1. Which count do you get for residues in the range 37-69 that are surrounded by fewer than 20 Cβ atoms within 10 Å (Cβ to Cβ) and within 25 Å of Pro152 (Cβ to Cβ)?
2. For a quick check of your reading of the model, give me the residue pairs whose first member lies in the range 321-342 and is more than 22 Å from Phe136 (Cα to Cα) and in a loop (DSSP other than H, G, I, E, B), whose second is of a type in the set (Gly, Ala, Ser) and open to solvent by 10 Å² or more (accessible area, probe 1.4 Å), with beta-carbon atoms closer than 8 Å and at least 6 apart or on different chains.
3. How many residues are touching a residue at least 60 places away in the same chain (Cβ under 8 Å) and surrounded by fewer than 21 Cβ atoms within 10 Å (Cβ to Cβ) when one looks only at the range 153-168?
4. Just need a number here: residues in the range 189-246 that are part of a strand (DSSP E or B) and not small (Gly, Ala, Ser).
5. So Tyr96 passes all but one of these: (1) crowded, with 19+ Cβ neighbours inside 10 Å; (2) closer than 25 Å to Glu141 by Cβ; (3) not small (Gly, Ala, Ser). Which condition number does it fail?
6. With respect to Glu94, is the statement that it is part of a strand (DSSP E or B), charged (D, E, K, R) and modelled with pLDDT of 95 or more true?
7. Would you tally the residues in the range 89-106 being aromatic (Phe, Trp, Tyr) and closer than 13 Å to Glu169 by Cα?
8. Looking at the range 135-146, is at least one residue over 25 Å from Leu244 (Cα atoms), among the small types (Gly, Ala, Ser) and either surrounded by 22 or more Cβ atoms within 10 Å (Cβ to Cβ) or in contact with a helix residue (DSSP H, G or I) (Cβ under 7 Å, 6 or more places away or on another chain) (or both)?
Amino acid sequence: MKMWYQGWLRSLAILLLAALSLEPSQALIGKEKSAVFLSPEFVLGPGSVVDSYYQDIDFPRGHIALKSFNAEVVDETGLPVPLQEIYLHHWVIERYYQHKGVEAPGSSSIKETHNPDFITVRNSGICQDNVLAQYFGLGSETRKTATHVPDPYGIEIGNPVEIPAGYEEKWLLNVHAIDTRGVEDRLGCAECRCDLYNVTEDGYGHPLSSDYKGGLRCCYDKTQCRVKEGFEGIRRSLYMKYTLKWVDWDSSVVPVKIYILDVTDTWKSSNASTVHRARHNCRVEYDVESCSITGETEDGCVDVKRTSLTMPTGGHVIYGVSHQHSGGIGSTLYGEDGRIICSSIPTYGEGKEAGNEAGYIVGMSTCYPQPGSVKISDGETLILESNYSSTQKHTGVMGLFYILVAEPSPNPSLLLHSPFDMHANSKVYNSVWAVALLGLAIAAAIVVVYSRRKDTEYGYEALVV
């Protein structure tokens with residue numbers, strides 16, 4: 001009995017050591033923090049538009065790694081507002097440095113001030129100047145599109161070494177929303193058709209060309225889309241509710257770069273020896289003509305737009321998602337050899353409640369490749385394809401692609417598994433602990449029984465418990 005008992009204890013000790021040495025796959029999850037904020041109030045009535053920039057918004061401070069950013073429009077009671085009432089054209093989050101002691105420039109974008117007291121900190125994307133410079137941004141799909149950055153990766157911000165002396169890091173929120181209650185043409189207002197807004201010049205006072213039929217230049221801040229005669233509706237207070245998750249920065253976090261690619265980008269290299277000096281022209285939006293005008297193609301009534309883009313530097317793709325407007329049927333990013341890097345497909349709503357609005361894109365599928373499995377090489381030319389239904393004309397549509405890229409790790413063992421493998425490994429981890437705890441319980445019982453027998457041998461009665 002004694003030898004068997006000692007052997008069991010040795011086996012249990014080995015099992016416990018294995019459980020202690022096995023680290024859960026979601027090592028960073030325990031450190032994750034979160035916070036929920038509200039934007040400043042904006043007020044909309046039927047047909048009205050807000051396209052405002054809010055500087056120095058509430059945001060976590062310090063040297064951290066961003067893990068996700070989710071947002072939606074809510075009313076003054078905190079309830080989500082459906083898209084058929086308030087169409088969320090887009091929201092974007094931008095990072096900037098502001099000189100200490102200087103006040104923000106009001107409701108205009110930091111990028112428009114050309115003031116050295118404000119420095120835009122753009123992402124790693126390849127568009128010209130500060131076009132598509134945001135860190136996060138979505139549109140109508142915001143409620144059902146995953147933004148989480150998988151472990152062990154994170155978007156590094158707040159590094160004191162990178163912030164110029166005398167400046168501090170701040171964040172800007174741009175909200176572009178259209179109140180479509182009671183309008184004559186809900187889709188036309190959402191697509192910013194110029195005739196419905198009765199404008200002949202853009203928000204900067206520049207005349208619109210005769211061939212510009214719709215887009216951002218016609219639905220700028222404080223414009224008005226045409227409402228049905230006799231319709232009356234109240235003006236109401238609204239907010240962007242946004243939720244952030246992050247972890248404190250440490251050596252276990254692998255930094256990622258943000259790239260936002262645009263299917264309208266036309267570029268040419270100013271120096272044949274390097275793509276780093278390529279000149280890009282991201283126009284951000286484009287129109288889709290009806291196939292009744294263009295003629296049906298072999299693909300049916302589908303508008304296919306493609307562009308080639310050369311990446312200055314490469315790495316491992318760890319996340320990807322597309323941004324499209326109503327009419328979109330999916331977008332794909334291809335490698336130079338034709339392999340699919342990521343394909344992102346829209347989900348359309350089927351009801352009336354927020355997050356399931358019929359006729360609207362309410363979510364975009366995302367890509368989370370197994371870490372290290374999808375690589376882009378330095379200088380590789382990618383193909384971006386954006387597909388729209390052309391059964392009717394669409395104005396001001398977009399074909400953007402957002403990817404997160406990590407430099408190859410010098411130590412592959414540091415890389416954790418994909419979200420699916422994380423779940424499986426977590427089960428293994430929990431199972432080992434369950435077995436270990438069961439073993440402890442059995443061992444305790446054996447100790448009690450064994451002790452009772454020993455006590456009986458020495459003339460003592462075991463206590464009845």
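1. 5
2. Matching pairs, first to second residue: Gly327/Ser389; Glu336/Ser377.
3. Going through the range 153-168, the residues touching a residue at least 60 places away in the same chain (Cβ under 8 Å) turn out to be 153-160, 163-164, 166-168.
Those left that are additionally surrounded by fewer than 21 Cβ atoms within 10 Å (Cβ to Cβ): 156, 158-160, 163-164, 166-168.
Adding up the residues that qualify gives 9.
4. From the range 189-246, those part of a strand (DSSP E or B) are 193, 201, 207, 214, 224, 227, 236-246; that's our starting set.
Applying the additional criterion that residues be not small (Gly, Ala, Ser) yields 193, 201, 207, 224, 227, 236, 238-246.
Residues flagged as part of a strand (DSSP E or B) and not small (Gly, Ala, Ser) within the range 189-246 amount to 15.
5. Status for Tyr96: all satisfied but (2).
6. Working: part of a strand (DSSP E or B): yes; charged (D, E, K, R): yes; modelled with pLDDT of 95 or more: yes.
Here the answer is yes, as Glu94 does meet what is asked.
7. Restricting attention to the range 89-106, the residues satisfying the condition of being aromatic (Phe, Trp, Tyr) are 91, 96-97.
Narrowing further to those that are closer than 13 Å to Glu169 by Cα: 96-97.
The total comes to 2.
8. Within the range 135-146, the subset over 25 Å from Leu244 (Cα atoms) is none.
Taking every residue of the range 135-146 in turn, none turns out to be over 25 Å from Leu244 (Cα atoms), among the small types (Gly, Ala, Ser) and either surrounded by 22 or more Cβ atoms within 10 Å (Cβ to Cβ) or in contact with a helix residue (DSSP H, G or I) (Cβ under 7 Å, 6 or more places away or on another chain) (or both).
The values are calculated or read from the model by the stated rules, or taken from the named source; none is laboratory data. Everything numeric in this text was worked out from a predicted model, so none of it was measured. Heads up, the Cβs are rebuilt from the backbone with ideal geometry, glycines too, and the neighbour counts pull from every protein chain shown. Heavy atoms of the whole protein, side chains included, go into the accessibility calculation; ligands, DNA and RNA do not. Shrake-Rupley method; radii C 1.70, N 1.55, O 1.52, S 1.80 Å.
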